[in-house]
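Rule-based calculations on the coordinates, nothing more; no lab input. All figures in this text were calculated on a predicted structure; none of them were measured in a lab. No Cβ is skipped: glycine too gets one built from the backbone with ideal geometry, and neighbour counts run over all protein chains shown.
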Amino acid sequence: MEYKGKRTVAGDALTGLILDLFRLNSLLLTAGDRLVARLGLTSARWQILGAVAAADRPQPVAWLARDMGANRQNVQRIINDLHKQGLVVFESNPHHRRAQLVVLTDKGKHALDAAMRLQAPWINRVSEGLLIKNIQTFHRVIIALRQRLEDNETDDEA
């Protein structure tokens, strides 16, 4: 199949990187699901518990989704699942009647702590033999790409 546009050398390189990032993301989600399955969690639930815990103060679902760069409806669905499991509760929001705040319960804090205890030895094994400077360079590239995409998104909205 022939495409109409010609990519630059950098465009080809970035396309290859992005395709590998898609594969890596899939592998990371599968590995995360396996790691926390015995805790009754999935990678998605674990990620959202972490986002709730990392927030400076209780936040509504829309803010959590924004901070995660995720779809609000997907985050809402997972938050509802976490609520059914007793891992989060909803509190009234003094600034918005309908946008309740999401708060970790003690059970949620314990589940997140257990997941992080499993994550430490796993990530240590995965990172073994990788050069810290290469990890840091890759991190900088990801941050730069994310920033460009976020800037492009806001340019598109204007």
Between Phe90 and Ala13, what is 0.36 nm times their sequence separation minus the Cα-Cα distance? Round to one decimal in nm. 23.2 nm
From the residues Thr105, Thr42, Val89, which one has its Cα farthest along the dipole of the stretch 26-150 in the positive direction, the dipole being from +1 and -1 charges on Cβ of Lys/Arg and Asp/Glu about the Cα centre? Thr42
Within the stretch 96-158, GluC sites (Glu not before Pro) in DSSP loop having at most 10 other beta-carbon neighbours inside 10 Å: Glu128
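Across the stretch 21-158, how large is the tail of the calculated P(r) beyond 27 Å, expressed as a percent of all Cα pairs?
The calculated P(r) of the stretch 21-158 puts 31 percent of pairs beyond 27 Å.
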With the calculation restricted to Cα positions, what are the radius of gyration and Dmax of the stretch 48-112 in angstrom? 10.7, 29
With +1 on the Cβ of every Lys and Arg and -1 on the Cβ of every Asp and Glu, the dipole magnitude of the chain about its Cα centre, in debye rounded to the nearest 20, is 420
Determine the sum of side-chain charges near Val88: Lys and Arg each +1, Asp and Glu each -1, restricted to other residues whose C-beta is under 12 angstrom from that of Val88. +1
Test of understanding: in a Gaussian network model of the chain with alpha carbons linked when under 10 Å, which of Leu87, Leu29, Leu64 would top the mean-square fluctuation ranking? Leu29
Find how much the distance from Ala62 to Asn80 grows on full extension, using 0.36 nm per residue of separation minus their present alpha carbon separation; answer in nm with one decimal. 5.1 nm
MRE, 222 nm, helices only [DSSP H, n ≥ 4, -39500 (n - 2.57), over the chain, to nearest 500]: -23500 deg cm²/dmol
Quotient of Cα radius of gyration and Kirkwood radius for the stretch 79-158, i.e. Rg/Rh, equals 1.15
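For the stretch 1-107, which trypsin sites (Lys or Arg not before Pro) are in a loop by DSSP, counting at most 10 other Cβ atoms within 10 Å?
Lys4, Lys6, Arg97, Arg98
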